[in-house]
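This report concerns only the one structure given below.
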Amino acid sequence: MFCYNIYTLFSFLFLFQLGSALECYVCNEQEGNTDKCLKTIKICEQHEDMCMTKIKWGSLPYWTITAAKQFNVSKECATKDLCEQTWNATLPYCERIWYLDWRCSECCAGDRCNYYVTLGSSSLSANAIFLGIAAIAVSFLHMLPV
């Protein structure tokens, strides 16, 4: 009797595991990783095994030197193949330099693993510091007598 109950319990847990699907945060073209991107959760289709995040940084709708820059975030469920295709497509544009328009993508596996956007401000602040130091160095070079 005890073995029958254990067998039934393991069978139930196995079927439950088969029936559980991946959950991802989803949003489309939101300004930053806030509000809808952190509150809207979707149960993915059975063939979707990854959570994908696409990030754009730049001035919208077109680039100008004085335009305000902003993050634009999209999150979705995806297949591993779609993640690889999107990553390969955005890789040439994933420069993460604060004064340029750029776009990147990242994927992860696991329930709600796309909560955070890891391509964000830490790399931008490092680039801003480098650019500031370079600007100071150039200004000192211009002061030197020729």
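A few remarks follow.
- The number of residues in the range 20-32 being closer than 19 Å to residue 109 by Cα and not in a strand (DSSP E or B) comes to 4.
- For the range 45-62, a residue qualifies if it is surrounded by fewer than 14 Cβ atoms within 10 Å (Cβ to Cβ) and either among the acidic types (Asp, Glu) or within 17 Å of residue 29 (Cβ to Cβ) (or both), and the qualifying residues are 45, 61, 62.
- Residue, surrounded by the most Cβ atoms within 10 Å (Cβ to Cβ), within the range 63-93, restricted to residues that are at pLDDT 90 or above and more than 28 Å from residue 21 (Cα to Cα): 93
The values are calculated or read from the model by the stated rules, or taken from the named source; none is laboratory data. Values in this document were obtained by computation on a predicted structure and should not be read as measured data. All Cβ positions, glycine included, derive from the backbone under ideal geometry; neighbour counts span all protein chains shown.
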